[in-house]
Amino acid sequence: MKNNLIYIYCLSDSSPELSRYAEFDGLKCDCFGGFFVIYKIVSEKDFSEESLKKNISDIAWLESNAREHIGVISRIMEHNTVIPFQFGTIYKSEEGLSNFIEKYSSSLTENINKVGGHEEWSVKIFCDRNVFKHQIEGLSKEVSALEIEIRRSSPGKAYLLERKKSELIETDIDRFTYIYSQNYYNLFLKHSELTQINNLLPKDQTGRKDDFILNAAFLVKKNSVFNFIQTADLLRKEKKLLGFDVIATGPWPPFSFISIKA
Amino acid sequence: MQEDKIDNRRNITIVEILDRVLTKGVVISGDVVISVADIDLVYLGIRLMLSSVETIEQLRLQKIKDINSDNSAVNSSD
C-alpha cells in the first residue's frame, strides 16, 4: 500500500527549523496560504478511515501514536506558536488541506494571535475523603452541633445520631470540597488570561482512589508562568495535609483554547 | 515544578493525553477524522484496561497476603 495520506500535527505562522527535530521520522513542513503546516506522509494501511477505526481500538497502537502526536507538537511549540490538530486528522490530497486553510484563514490567524505568547497549563485537584473528613467537624456547624448532641444523648439515641452524622459528613465533604476547589481555581485564575473547566473523569478512568474535584486548563501569559507554577507548588505543599493533591502540568500545546470557525 | 514540563520521558497518563488530542485542537477538518462514536469506544477500552490492571493488582496483593499468612502459620507451628 502506498504512503499517500497527509497526517497533520499542527500549523504555525512561522517556519519551524525541522533539523531540530531529527528524533521524529518523516516530519515535513510546507507553506499553505501563509501558514506552515507540520505533517508526515502515512500509509492507508494505518490511517485510512477503516484502518484508523480499527487501530484506535488497539490501546498500545493508540498510546504510541497519541504520544508521538503530542510529542511532535510540544517540540515544535518550543520555538513556534502552534495550532494543534486533533489526533488522526488526515487529508487525502494537498488540495483538500489547501482548501481548508483558505476557508478558515482568518479564524486561524485569530487563534494564532490568541495563543501566541501564552502557554496552556493544566490543573487537576484530587481529594482524599478519608483525610478531608477530619476537617469537617471544624468546618460544618451542623456536624459539630450534632456531635455535642450525641455526647449528651442516651446510647440508643446517640447510635441513631451517629448514623445521621455519618450521612451529613458525606454530604458536607461534597459541599466543602466544591467550595475549596472553587477557591483554588480562583487563585490560578489570577495568573491566567483564559480558562476552561473540563469534565471530571470517573475513577475508572483516572485510575485513582481519591475524588477528582477540579479539572481545568488555563491559558497563561509566558511572563506569568512563574507565578502560576509558584501558586501550584504552594497549594500542593500547604493543602496536602487536608487531603488535597494539586497537580499542575504543562506547558501543553494549546489544545483547549483553539476554536476554528468559518 | 520543572519535572512537570511535558516531554516523552515523563509519565503523563494516556488518559490525560487522549483527553486533549482526541477532542480538542482543530477538530473535524480532515478528509479522515476520528468520529465521536469511535472516541466513545476508545474511552470504553481505556476503562476496561484500567479496571483489568486494578483487578490484577488486587489479585497480586491478595496472593502476597496469602503467602504472608501461610508463612506466619508455619512459623507459629514451629
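The values are calculated or read from the model by the stated rules, or taken from the named source; none is laboratory data. Computed from a predicted model, the values in this text were never measured in an experiment. Cβ: placed from backbone, ideal geometry, glycine included. Neighbour counts: every protein chain shown. With ligands, DNA and RNA removed, areas are computed over all heavy atoms of the protein, side chains included. Shrake-Rupley method; radii C 1.70, N 1.55, O 1.52, S 1.80 Å.
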Exercise. If A:Glu95 passes every condition in (1) more than 24 Å from A:Ser259 (Cβ to Cβ); (2) away from chain B (no Cβ under 11 Å) but one, which one does it miss?
Worked result: (2)
Seminar exercise, completed: Going through region A:234-262 in order, the residues found to be in a helix (DSSP H, G or I) and surrounded by fewer than 14 Cβ atoms within 10 Å (Cβ to Cβ) are A:Leu234, A:Lys237, A:Glu238, A:Lys240, A:Leu241
Seminar exercise, completed: Okay, helices (runs of 4 or more DSSP H) sitting entirely in region A:46-161 with 1 or more residues that are touching a residue at least 40 places away in the same chain (Cβ under 8 Å) and either open to solvent by 10 Å² or more (accessible area, probe 1.4 Å) or at positive phi (or both), I get A:59-76, A:94-115, A:129-139
Exercise. Only one of (1) open to solvent by 20 Å² or more (accessible area, probe 1.4 Å); (2) in a helix (DSSP H, G or I); (3) away from chain B (no Cβ under 11 Å) fails for A:Gln230. Which number is that?
Worked result: (3)
Problem set entry | Those residues of region B:20-42 which are open to solvent by less than 30 Å² (accessible area, probe 1.4 Å) and more than 7 Å from chain A (Cβ to nearest Cβ), in sequence order | B:Ile39
Seminar exercise, completed: Within region A:1-16, residues over 14 Å from A:Thr89 (Cβ atoms) and modelled with pLDDT under 95 come out as A:Met1, A:Lys2, A:Asn3, A:Asn4
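Per-residue answers, yes or no, for (1) open to solvent by less than 30 Å² (accessible area, probe 1.4 Å); (2) closer than 14 Å to A:Ala217 by Cα; (3) over 18 Å from the mean Cα position of the chain (by Cα):
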residue: A:Tyr178; (1), (2), (3): no, no, yes
residue: A:Asn183; (1), (2), (3): no, no, yes
residue: A:Phe188; (1), (2), (3): yes, yes, no
residue: A:Leu200; (1), (2), (3): no, yes, no
Exercise. Picking from A:Lys239, A:Lys261, which residue would you name as being among the basic types (Lys, Arg), in contact with a Ser or Thr (Cβ under 6 Å, 6 or more places away or on another chain) and more than 9 Å from chain B (Cβ to nearest Cβ)?
Worked result: A:Lys261
Problem set entry | Residue, nearest to B:Asp38 (Cα to Cα), within region A:22-59, restricted to residues that are more than 10 Å from chain B (Cβ to nearest Cβ) and of a type in the set (Gly, Ala, Ser) | A:Ser43
Problem set entry | Residue satisfying condition, being touching a Gly at 6+ places or on another chain (Cβ under 9 Å), aliphatic (A, V, I, L, M) and either in the same structural domain as A:Lys124 (by TED's automatic domain parsing) or closer than 13 Å to A:Cys127 by Cβ (or both), within set A:Val246, A:Val220 | A:Val220
